[in-house]
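The values are calculated or read from the model by the stated rules, or taken from the named source; none is laboratory data. This one's a predicted model, so the numbers in the text were calculated from it and none came from an experiment. Don't worry about glycine lacking a Cβ; one is built from the backbone with ideal geometry, like all the others, and counts go over all protein chains shown.
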Amino acid sequence: MVYAAFGVYREDVPALKDTGVNDSKALSPTSREAIFARITKHPLFYHEVDVIEPHEISRIMSSERAGVNLNSLSHNAAAGLIQRFLTKSLAIKTVYLDTVGDATKYQEKLQKLFPAIQIVVSTKADSKYVSVGAASIVAKVTRDRLITDIERTYGASIGCGYPSDPITVRFLKGIIHPLYGFSENHVRLRWKTCENLIDSSKNMVEIKFDKKEQKQAPKKFFRKRDRSKAY
């Protein structure tokens with residue numbers, strides 16, 4: 001999962017618009033790459049990126065912490081990115097975010113964390129606010145490059161990485177290990193798509209643990225990094 005934040009002072013918004021920024025979904029890959037290069041090297045703009053690796057997501061989703069899910073993980077990532085901007089001593093007045101889950105609860109959560117900043121959470125924010133559009137381009141290009149690296153590792157196309165893509169599903173079927181299932185390096189283990197593929201596979205080896213070993217297993221397999229907190 002890739003999250004990005006983009007900062008621009010109000011007087012520099014026209015300069016950002018001149019770069020051709022738009023919602024990343026409305027741009028071709030070539031256009032995204034070109035705009036990415038312009039906005040990330042521009043001296044008037046600021047950006048931050050947070051890449052949450054599959055093994056981190058698996059560890060968090062396997063933890064016993066109540067209320068930790070993909071939405072809260074997204075919210076905490078956003079809070080962490082805001083905090084990074086604050087450590088740069090930038091004068092942040094307003095933060096615009098695309099909604100994840102309940103927009104009102106998301107906005108209230110961040111507003112409590114950053115009371116001195118106006119928080120605006122909105123649907124389709126990447127098409128409403130140029131700074132969010134810029135952030136979506138940074139996140140999309142970063143994610144696309146990571147996917148390309150994974151494809152080079154396996155020597156095969158993995159598609160877009162979503163379960164709706166038959167190329168992604170075909171790739172996952174091809175890398176199931178009969179004993180270990182999926183490697184946590186590139187696949188989120190606590191993902192219904194993977195769970196269904198493992199359940200439907202006829203070549204899996206079944207291993208049973210006693211209760212003590214079963215409780216300890218997640219701690220052995222996942223590296224520690226606390227993302228259950230906002231930042």
Search segment 151-174 for residues that are over 23 Å from Asp199 (Cβ atoms) and pair each with any residue that is of a type in the set (Ser, Thr, Tyr) and surrounded by 11 or more Cβ atoms within 10 Å (Cβ to Cβ) when their beta-carbon atoms are under 8 Å apart and the residues are at least 6 apart or on different chains. Glu151/Ser157; Cys160/Thr168
Scan segment 87-111 for residues that are of a type outside the set (D, E, K, R), in contact (Cβ under 8 Å) with a residue 24 or more places away in the chain and assigned to a helix (DSSP H, G or I) and report the count. 2
Look at Glu11 and say whether it is modelled with pLDDT of 90 or more, surrounded by fewer than 16 Cβ atoms within 10 Å (Cβ to Cβ) and closer than 18 Å to Tyr96 by Cα. yes
Exactly one condition in (1) closer than 30 Å to Gly7 by Cα; (2) in contact with a strand residue (DSSP E or B) (Cβ under 9 Å, 6 or more places away or on another chain); (3) at pLDDT below 90 is not met by Cys160; state its number. (2)
Odd one out for Asp50, checked against (1) touching a helix residue (DSSP H, G or I) at 6+ places or on another chain (Cβ under 8 Å); (2) among the acidic types (Asp, Glu); (3) loosely packed, with under 14 Cβ neighbours inside 10 Å: (3)
Scan segment 10-18 and give yes if some residue there is acidic (Asp, Glu), over 16 Å from Val138 (Cβ atoms), within 16 Å of the chain's Cα centre (by Cα) and part of a helix (DSSP H, G or I), otherwise no. no
Per the list (1) within 27 Å of His42 (Cα to Cα); (2) not in a helix (DSSP H, G or I), residue check on Val68 breaks on (1)
